[in-house]
1. Where does helix 20-49 land angle-wise versus the long Cα axis of the chain, in degrees 0 to 90, nearest 10?
2. For K58, give me every one of the lysines with a C-alpha distance below 17 angstrom, ignoring sequence neighbours fewer than eight places off in its own chain.
3. So which lysines can K41 reach, going by Cα to Cα under 18 Å and dropping same-chain residues fewer than 8 places off?
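Readers should treat all values here as calculations from the given coordinates under stated rules, not as data from a laboratory. Quantities reported herein were computed from a predicted structural model and do not represent experimental measurements.
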Amino acid sequence: MNANELADALETMTTGWFDDLTLTQSAAMLRQLQAKNDALKQVLQSIANENVELSHDKIKWQCDDHIRWAKEALK
């Protein structure tokens with residue numbers, strides 16, 4: 001079960017422990033976390049699947065790209 005599925009379950013939950021606002025906010029937070037997780041996973045997959053460069057200049061460019069992608073994903 002991922003965070004989106006848990007959020008769906010929370011929204012359909014009817015229990016006396018939490019009010020509707022708490023469940024709605026929890027579901028929204030889980031969806032945001034899942035979206036962030038998916039974005040970070042995509043960046044990691046891009047880096048992991050990129051071809052290894054052999055020239056020193058290309059290695060430096062590739063490293064700079066990876067750092068830039070990581071910083072953008074963390075924003």
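1. Tilt relative to the chain: about 20 degrees.
2. none
3. Filter leaves K71, K75.
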